[in-house]
Amino acid sequence: MLDGHKRLEILTNRKVQEVECLISTDDEAYTYNRQANYLSSIGEHQMILRALQHNSEETIAAALNVNVSTIRKKRDLLDGICAESLDVLKDRRVAPNVFAIPRKMKPVRQVEAAEVMVTSNLYSHRFAEALLAGTRDEMLVAQQRTTTGRTFSADQKARSASETDNLLQNSKIAEETYGTEPPTLSACCRYIKKLLDDPTLSRYVAESHPDLSENSKT
């Protein structure tokens, strides 16, 4: 279990037999998350919504020892965010203030931005703002077009949008080939090592290509 030890203890004491929970999609025995204890912002939002079905905002705030405004922020965290982009980010450690950025984009662009975040493994507010700056006007919600125009010139926005599109395209290419390239490279390395283990070939490489022979030792 990564998170929810106190909730489990309460449920056990109340003799609850079944309860909904979030399941990790990775084998945590092989990742650093085995030592971590956290809940994603999206998971926390869903828990708040579920709690609000049976309790008031004031009751939940008192139980968690936080302000009512904090509960309301968590409740409204994902307003304006499309379900597809949430599905991409649901297991990621995205800071709550980051979600204010993609809601300024149209749903299609939200999904693209989420995919770039995952591929780049960057979920900061600054990176989200950079993706917003690189979003074309037609992919922004109406009220956002005028505000971004005041900050960036037309040339700056065009260049930023082009760079962001290239980043997205390159990230998709890398994602498609990631599963095949590492095994291929590993097999090639083992094959080359096997060749160099042959005394005759190793001696030839050392005499004819000393630079390669030196690199093979390192």
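Annotations for the structure displayed:
- Extension reserve of the Ala95-Ala142 stretch, reckoned as 0.36 nm per residue once the Cα distance is removed: 14.4 nm
- Label-point separation in nm, Val68 to Lys6, each point 7 Å along Cα→Cβ: 2.2 nm
- Glu58-Asp198 pseudo-label distance in nm [points 7 Å out on the Cα-to-Cβ vector]: 8.4 nm
- A Förster radius of 45 Å combined with the Cβ-Cβ distance from Arg126 to Leu49 puts the calculated FRET efficiency at roughly 0.95.
No value in this document is a laboratory result; all are computed from the given coordinates. Since the structure is predicted, the reported quantities are computational estimates derived from the model, not experimental observations. As a convention, Cβ positions derive from the backbone with ideal geometry for all residues, glycine included, and neighbour counts pool all protein chains shown.
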